[in-house]
């Protein structure tokens, strides 16, 4: 069993050089939301800055301020449009570098405007990269329909961390940093409910497998749930291939005797 330390509401955790876990635990719903802060010299980037709900935003801001002055944040990157990961954008806009760049998948850009951001959102496409001033390069990989058409995952070439958005996300109420023996079930409950397309999941998994083969992945860092260490990755990829998704549709179709074949 993997030793799994807990995270808390006060302290950011450096999970790789210059990369900080800013996790917020929503114990009421057995749900976690995990923004990440990437620091490169005097520049910083926040990935999926989180919720605008006051207690959640306060937690993320407190953790950011424990690492950097928010004005060092030159980039805010959003991997898809859900409010739990990006409704805080306009709140952070007031604190970060006045010339901050907001980046998101093109399809998400259409919806992000409704959060009230003052800055334009730069659209990203599959294969786009961002190189920070001191040489850290992030690559953006589109994984459509996992669970939104404009969904992406992000790869940090320096640390070989993969920020997987909802892919490998799970329900958990235990504030664990790393996946433990219970996490496959939590993964199944989350992805089985929130993903509607097995084809989309297979595409995402195979893109991750290709990335691991060509560049290497040291850890998978989802937006919800727990971090997956390098030695666990093959097991979780296989678990992903075995998942059944879209079960809510099948349940309702059966209830109303609707044939979907």
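The values are calculated or read from the model by the stated rules, or taken from the named source; none is laboratory data. These figures come from a predicted structure and were not determined experimentally. Methodologically, a virtual Cβ is constructed for each residue, glycine included, from the backbone with ideal geometry; neighbour enumeration extends over all protein chains shown.
Here is a yes/no grid of residues against (1) touching a strand residue (DSSP E or B) at 6+ places or on another chain (Cβ under 9 Å); (2) not in a helix (DSSP H, G or I):
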| site | (1), (2) |
| --- | --- |
| 213 | no, no |
| 221 | yes, yes |
| 239 | no, no |
| 249 | no, no |
| 253 | no, no |
| 261 | no, yes |
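Can you find a residue in the range 177-196 that is in contact (Cβ under 8 Å) with a residue 40 or more places away in the chain and within 21 Å of residue 104 (Cβ to Cβ)?
Yes, that holds for at least one residue.
Out of (1) in contact (Cβ under 8 Å) with a residue 40 or more places away in the chain; (2) within 30 Å of residue 6 (Cβ to Cβ); (3) more than 21 Å from the chain's Cα centre (by Cα), what's the single condition that is false for residue 218?
Only one criterion is unmet by residue 218, namely (3).
Just a yes or no: is a residue in the range 135-149 touching a strand residue (DSSP E or B) at 6+ places or on another chain (Cβ under 6 Å), in a loop (DSSP other than H, G, I, E, B) and buried (at least 20 other Cβ atoms within 10 Å of the Cβ)?
Checking the range 135-149: at least one residue is touching a strand residue (DSSP E or B) at 6+ places or on another chain (Cβ under 6 Å), in a loop (DSSP other than H, G, I, E, B) and buried (at least 20 other Cβ atoms within 10 Å of the Cβ).
Here is a list of conditions, (1) buried (at least 23 other Cβ atoms within 10 Å of the Cβ); (2) more than 17 Å from residue 224 (Cα to Cα); (3) touching a helix residue (DSSP H, G or I) at 6+ places or on another chain (Cβ under 7 Å); (4) modelled with pLDDT under 95, and residue 108 meets all of them except one; can you say which number that is?
Just one mismatch for residue 108, condition (3).
Restricted to the range 16-30, and to residues that are surrounded by 15 or more Cβ atoms within 10 Å (Cβ to Cβ) and free of Cβ contacts under 8 Å to residues at least 60 places away in the same chain, which residue is nearest to residue 131 (Cα to Cα)?
Per the stated criteria, the residue is 20.
So, in the range 41-52, how many residues would count as being surrounded by 20 or more Cβ atoms within 10 Å (Cβ to Cβ) and assigned to a strand (DSSP E or B)?
Here the count works out to 4.
In the range 111-134, what residues are touching a helix residue (DSSP H, G or I) at 6+ places or on another chain (Cβ under 8 Å), exposed (fewer than 15 other Cβ atoms within 10 Å of the Cβ) and in contact (Cβ under 8 Å) with a residue 24 or more places away in the chain?
116, 118
What number of residues within the range 53-65 satisfy the criterion of being surrounded by 17 or more Cβ atoms within 10 Å (Cβ to Cβ) and either touching a residue at least 40 places away in the same chain (Cβ under 8 Å) or out of contact with any helix residue (DSSP H, G or I) (no Cβ under 9 Å at 6 or more places or on another chain) (or both)? Before the answer, list the steps.
Residues of the range 53-65 surrounded by 17 or more Cβ atoms within 10 Å (Cβ to Cβ): 56-57, 59-61, 63-64.
Now drop any that are not either touching a residue at least 40 places away in the same chain (Cβ under 8 Å) or out of contact with any helix residue (DSSP H, G or I) (no Cβ under 9 Å at 6 or more places or on another chain) (or both), which leaves 59, 63-64.
The number of residues fulfilling the criteria is 3.
Name the residues in the range 222-261 that are surrounded by fewer than 18 Cβ atoms within 10 Å (Cβ to Cβ) and closer than 16 Å to residue 177 by Cβ, would you?
Listed by number, the residues that qualify are 229, 230, 231.
Does residue 84 qualify as being at pLDDT below 95, touching a strand residue (DSSP E or B) at 6+ places or on another chain (Cβ under 9 Å) and buried (at least 17 other Cβ atoms within 10 Å of the Cβ)?
Numbers: at pLDDT below 95: yes; touching a strand residue (DSSP E or B) at 6+ places or on another chain (Cβ under 9 Å): yes; buried (at least 17 other Cβ atoms within 10 Å of the Cβ): yes.
Yes, satisfied.
So that you can scan it fast, the table gives a plain yes or no per residue for (1) farther than 24 Å from residue 162 by Cβ; (2) touching a strand residue (DSSP E or B) at 6+ places or on another chain (Cβ under 6 Å); (3) in contact (Cβ under 8 Å) with a residue 60 or more places away in the chain; (4) assigned to a loop (DSSP other than H, G, I, E, B):
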{"residue": "11", "(1), (2), (3), (4)": "no, no, no, yes"}
{"residue": "14", "(1), (2), (3), (4)": "no, yes, no, no"}
{"residue": "32", "(1), (2), (3), (4)": "no, yes, yes, no"}
{"residue": "38", "(1), (2), (3), (4)": "no, yes, yes, no"}
{"residue": "67", "(1), (2), (3), (4)": "no, yes, no, yes"}
{"residue": "71", "(1), (2), (3), (4)": "yes, no, no, no"}
{"residue": "75", "(1), (2), (3), (4)": "no, yes, no, no"}
{"residue": "79", "(1), (2), (3), (4)": "no, yes, yes, yes"}
